[in-house]
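In what follows, a single structure is set out as structure tokens and then discussed.
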Amino acid sequence: MVIIALDFENKEKTLNFLKEFNEPLYVKVGMELFYSEGPEIIQSIKALGHKIFLDLKLHDIPNTVKSAMKCLAKLGVDMVNVHAAGGIKMMSEAVHAFDGLEHRPLVIAVTQLTSTSKEMMNNEQGIQGEIIDSVLRYASNALVAGLDGVVCSPLEVAMIKQKLGKDFLTVTPGIRLASTDDDQVRVTTPADARRIGSDFIVVGRPITRSENKVESYHQIRKDFMGE
Ligand code: C5P
């Protein structure tokens, strides 16, 4: 599945982008759009028939995360996420917030952000070792807590699948059809992401800033699905 990152600053720009498409999409709404427009933006996008990954990366004490998730449950989104650094209890409460619902969203954990370097992790977070060790530890905690998967770099997918099983979902940003000069340093093509086992790819600028957005989306989708 290809998830389009709607990294727009407001509702108008978001809806103008979505207007170009005549098909149901899977989109990601992040902090910028959600905080600027409020929960109403979710209703507007859902009304157009699109699936939504609400990327708010919750991280607080277990009880607060559970209460916050109960609020998000009312929005009827399809995927939500939390920081694995919040611990197993916090992640487990995040999932339990949806108890009793017929369809709960997929609950995904963020492990180490890709903006975190080994030096920063070692010196500032006080976690020793390599980034991948911490990613695997966090991913394993997420599985124990009952989460469905993790957001990770395409380069981490193989090791996560090997350690935690192929059914544990991986959601991977950092996707480009070819090399570009933006801020994603380690990139993978959609076809390679599929080959290494990514379940969902998150793609923003290669679609949102393209001259022909619909065509770019279809090209990326085709590359990923191997159609
Ligand atoms: O425009 P681009 O394709 O780089 O967008 C990728 C999206 O995935 C952005 O919304 C970005 O915030 C998000 N993301 C990321 N790297 C992570 C986690 C999320 O690029 N590790």
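The values are calculated or read from the model by the stated rules, or taken from the named source; none is laboratory data. Source: prediction; values computed, not measured. Cβ atoms come from the backbone with ideal geometry, glycine included; neighbour counts cover every protein chain shown. Note: areas computed on protein heavy atoms with side chains; ligands, DNA, RNA excluded. Shrake-Rupley method; radii C 1.70, N 1.55, O 1.52, S 1.80 Å.
Net length available on complete extension from HIS218 to ASP133 is 27.0 nm, with 0.36 nm assigned per residue and the Cα-Cα distance removed. When only the Cβ of Lys, Arg, Asp and Glu is charged (+1, +1, -1, -1), the dipole of segment 18-124 relative to its Cα centre reaches about 220 debye. Charge dipole (Cα centre; +1 on Lys/Arg Cβ, -1 on Asp/Glu Cβ; no other charges) of segment 2-225 amounts to roughly 460 debye.
Counting charges near VAL77 (Lys, Arg +1; Asp, Glu -1) among other residues having Cβ under 11 Å from its Cβ returns a value of +3. Looking at segment 1-35, the GluC sites (Glu not before Pro) that sit in a DSSP loop and have at most 13 other Cβ atoms within 10 Å of their own Cβ are GLU9, GLU20. In this simple spin-label approximation, LEU48 and LEU177 carry label points 7 Å from Cα along the Cα→Cβ vector, and these lie 2.1 nm apart. Going by accessible surface with a 1.4 Å probe and the largest first, ILE4, ILE127 read ILE127, ILE4.
Summarising the label geometry, the points placed 7 Å from Cα in the beta-carbon direction at ASN123 and ASP167 lie 4.4 nm from one another. Could you tell me which of rounded, prolate or oblate describes the chain, using a ≥ b ≥ c as the square roots of the eigenvalues of the alpha-carbon gyration tensor, with rounded for a/c under 1.5 and, failing that, prolate when a/b is larger than b/c and oblate otherwise? Oblate.
The residues of the chain have, on average, 50 Å² of accessible surface per residue, using a 1.4 Å probe with all protein chains present. Full extension of the segment from THR64 to ARG195, taken as 0.36 nm per residue of separation minus the current Cα-Cα distance, would add 43.3 nm. The mean sequence distance of close C-alpha pairs (under 8 Å, at least 6 residues apart), as a share of the length of segment 2-225, puts its relative contact order at 17 percent.
Other residues with beta-carbon under 12 Å from the beta-carbon of ALA158 carry, at +1 per Lys or Arg and -1 per Asp or Glu, a net charge of +2. Across segment 7-12, computed HN-Hα scalar couplings (Karplus, 6.51 cos²θ - 1.76 cosθ + 1.60, θ = phi - 60°) run 7, 10, 7, 8, 5, 4 Hz from first to last residue, x flagging Gly and Pro. Expressed as a whole percent, the accessible surface of segment 2-225 that belongs to carbon and sulfur atoms is 50, based on a 1.4 Å probe.
Spin-label pair GLU102-LYS89: with each label point 7 Å from Cα along the Cα-Cβ axis, the two points sit 3.5 nm from one another.
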